[in-house]
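All remarks here apply to the structure that follows.
The values are calculated or read from the model by the stated rules, or taken from the named source; none is laboratory data. Quick caveat, the model's predicted, so the values are computed rather than measured. So basically every Cβ, Gly included, is an ideal-geometry build from the backbone, and we count neighbours across all protein chains shown.
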Amino acid sequence: MKAATSKEMQLIDKNAISGYGIPGIVLMENAAIQVVREMEARYGELSGKKIGVFAGKGNNGGDGLAIARHLINRGAKISVYLLAGEDSVKGETLTNLGILKKMGGEVKDIDSFDLKALKTTISHSNLVVDAIFGTGLTEDVKGLFADVISLVNSSGKPVVSVDIPSGISADTGKVLGTAVRADLTVTFGLPKIGLLVYPGAGYTGELKIVDISIPKGMKEAESIQTNLLTIEEVRGMVPERMADSHKGSFGHVAVIAGSVGKTGAAAMTSLASLKAGAGLVSLGIPSSLNQILAQKLTEVMTFPLPEGKEGHLGSLAEDRIIEFLSDKDVVAIGPGISTDKETQELIRGLVRRVTLTMVIDADGINAFAGYTDLLKHARSPLILTPHPGEMAGLLGLSASDVQEDRIGISRRFSTEHHLYLVLKGARTIIAEPSGAVYINPTGNPGMATGGTGDILTGILAGLVAQHIDIGSAVRLGVFLHGLAGDLAAREKGETGMIAGDLMEMITEAIRNIKGA
């Protein structure tokens with residue numbers, strides 16, 4: 001599903017009106033009807049409920065005024081507050097204001113109410129409708145608007161936001177000064193990016209995406225390059241298993257990982273590749289650690305590699321690794337491999353020599369801090385899976401800088417270095433060399449624990465090994481990983497959840513995706 005910026009959505013609305021001849025007042029009416037339907041679905045019968053409606057002077061406010069009309073027809077008791085002077089209202093918003101007043105709706109504009117009275121009104125309401133600002137907001141919310149939002153948030157009443165919670169940037173999810181904390185957000189046509197990424201996602205509440213009669217082709221335009229992953233889209237990416245399949249049918253994953261004290265990362269990556277469906281997995285490990293991993297991983301083959309000092313891989317292992325990879329389909333490298341100088345040099349050298357698709361994680365990513373230009377000279381497709389700290393290291397930024405522009409930074413890095421980037425975190429971002437970006441909706445805070453990233457690396461390698469195209473494998477893998485975490489959290493709870501709990505749910509998550 002496409003996810004739109006403010007400008008993209010404005011262009012869609014404009015083309016629907018001027019190109020297809022759909023009157024703006026019809027779009028506004030459809031939006032209002034859909035919001036009221038979603039309110040009924042969530043809160044039940046609206047007749048007799050006291051509902052406060054806060055409307056701005058723009059189109060979002062017009063939606064709010066139209067919603068107020070339909071609520072009156074449902075028998076609700078409506079109090080409407082126009083955060084503007086009536087003389088500043090124009091177009092379809094003015095039309096809806098006129099109809100509302102003719103229906104007997106009482107509207108208090110910015111000059112005829114005070115905050116004390118407003119606080120009392122909200123305290124006696126059952127619901128609040130937020131239609132103050134729409135998707136075009138670009139400046140911080142100040143003055144009376146900020147005061148009203150503060151009253152709404154402190155009231156403890158369920159809030160329904162129209163299209164987007166007022167105060168949230170539609171493009172970045174940034175809080176512009178202050179913002180409404182919605183219980184339910186009903187957005188029109190396409191989800192706005194700011195509703196899907198944090199912090200905006202944390203203000204959205206339950207998100208409903210509704211149709212207001214915008215032509216389907218406009219919502220699927222190739223020019224819109226940001227997408228929301230859905231289970232329907234990834235379902236078709238799960239590889240089928242023919243009756244005459246054998247272990248060679250599903251690919252052979254090579255894992256190069258682990259060092260003294262970090263054998264667990266190597267083990268989890270290897271097992272996750274098998275859980276994701278790979279037919280064979282071989283783990284290349286420093287020779288002194290081989291016996292440990294061979295005993296621990298009964299389903300994984302191990303390959304002892306020459307090591308340098310203190311159980312770390314170094315330059316002595318490079319040629320052996322190239323030999324090791326000769327009959328493999330994909331290689332995962334980095335989990336637990338260490339930041340030893342010689343190891344980091346080894347990783348950079350391998351990127352220039354390996355011809356298999358490489359999934360690079362953890363210390364494998366850290367090897368390219370200060371050396372990102374080497375990524376452009378890789379001989380094979382690359383998939384990098386950094387967390388914000390590792391991404392910051394690649395760019396010479398702070399983690400907070402990365403978090404403020406997760407989509408923009410991911411897209412630029414991916415296109416510039418021609419690789420697939422998975423920026424982990426709440427709402428993991430997938431960026432492709434084409435410029436396409438995907439926002440993953442699965443996952444939860446229980447996954448913020450050691451080892452879950454190693455499992456993601458293994459899942460991605462396991463899927464690539466099955467000869468799925470790389471873009472599909474990455475999208476499916478990230479969605480699957482988050483869904484396994486969600487299933488684990490449902491069973492175990494988020495607090496105290498460990499990576500092993502997620503590992504146990506990978507096969508169940510695959511069943512869920514396939515619709516079992």
*Counting only residues that are touching a helix residue (DSSP H, G or I) at 6+ places or on another chain (Cβ under 8 Å) and in contact (Cβ under 8 Å) with a residue 40 or more places away in the chain, give me the helices (runs of 4 or more DSSP H) lying completely in segment 320-395 with at least 1 of them.*
341-353
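Looking at segment 269-296, which of its residues are touching a strand residue (DSSP E or B) at 6+ places or on another chain (Cβ under 7 Å) and among the hydrophobic types (A, V, I, L, M, F, W, C)? Spell out how you get there, then give the answer.
At the first step, the residues of segment 269-296 found to be touching a strand residue (DSSP E or B) at 6+ places or on another chain (Cβ under 7 Å) are 269-270, 273-274, 278-288, 290, 293-294.
Result: Leu274, Ala278, Leu280, Val281, Leu283, Ile285, Leu293, Ala294.
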*What number of residues within segment 305-318 are surrounded by fewer than 19 Cβ atoms within 10 Å (Cβ to Cβ), under 24 Å from Arg352 (Cβ atoms) and touching a residue at least 12 places away in the same chain (Cβ under 8 Å)?*
5
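Okay, residues lined up against (1) outside the structural domain of Met28 (by TED's automatic domain parsing); (2) under 30 Å from Val437 (Cβ atoms); (3) not aliphatic (A, V, I, L, M):
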{"position": "Gly105", "(1), (2), (3)": "no, no, yes"}
{"position": "Ile122", "(1), (2), (3)": "no, no, no"}
{"position": "Asp130", "(1), (2), (3)": "no, yes, yes"}
{"position": "Thr135", "(1), (2), (3)": "no, yes, yes"}
{"position": "Gly143", "(1), (2), (3)": "no, no, yes"}
{"position": "Leu151", "(1), (2), (3)": "no, no, no"}
{"position": "Gly156", "(1), (2), (3)": "no, no, yes"}
{"position": "Ile164", "(1), (2), (3)": "no, yes, no"}
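Just for segment 130-140: of the residues that are assigned to a loop (DSSP other than H, G, I, E, B) and under 29 Å from Asp211 (Cα atoms), which one is farthest from the chain's Cα centre (by Cα)? Can you show your working first?
First, the residues of segment 130-140 that are assigned to a loop (DSSP other than H, G, I, E, B): 132-140.
Checking the rest, the ones that are also under 29 Å from Asp211 (Cα atoms) come to 132-139.
On the way: Ile132: 26, Phe133: 24, Gly134: 22, Thr135: 19, Gly136: 22, Leu137: 22, Thr138: 22, Glu139: 24 Å.
Going through the qualifying residues, I end up with Ile132.
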*Would you call Thr93 among the polar types (S, T, N, Q) and not in a loop (DSSP other than H, G, I, E, B)?*
yes
*Within segment 284-335, track down each residue that is hydroxyl-bearing (Ser, Thr, Tyr) and either at pLDDT 95 or above or more than 21 Å from Asp361 (Cα to Cα) (or both).*
Ser287, Ser288, Thr298, Thr302, Ser326
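Residues checked against (1) surrounded by fewer than 16 Cβ atoms within 10 Å (Cβ to Cβ); (2) in contact with a strand residue (DSSP E or B) (Cβ under 8 Å, 6 or more places away or on another chain); (3) in the same structural domain as Ala473 (by TED's automatic domain parsing):
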| site | (1), (2), (3) |
| --- | --- |
| Ile337 | no, yes, yes |
| Thr343 | no, yes, yes |
| Ile347 | no, yes, yes |
| Thr355 | yes, no, yes |
| Ser380 | yes, yes, yes |
| Met391 | no, yes, yes |
| Arg412 | yes, no, yes |
| Thr415 | no, yes, yes |
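When only residues in segment 446-485 that are assigned to a loop (DSSP other than H, G, I, E, B) and of a type in the set (A, V, I, L, M) count, which is nearest to Lys424 (Cα to Cα)? Before you say what the answer is, go through the steps one by one.
If we filter segment 446-485 for residues that are assigned to a loop (DSSP other than H, G, I, E, B), which is where we start, we get 448-451, 465-469.
Still in the running and of a type in the set (A, V, I, L, M): 448, 465, 468.
Numbers: Ala448: 10, Ala465: 22, Ile468: 22 Å.
Here the residue is Ala448.
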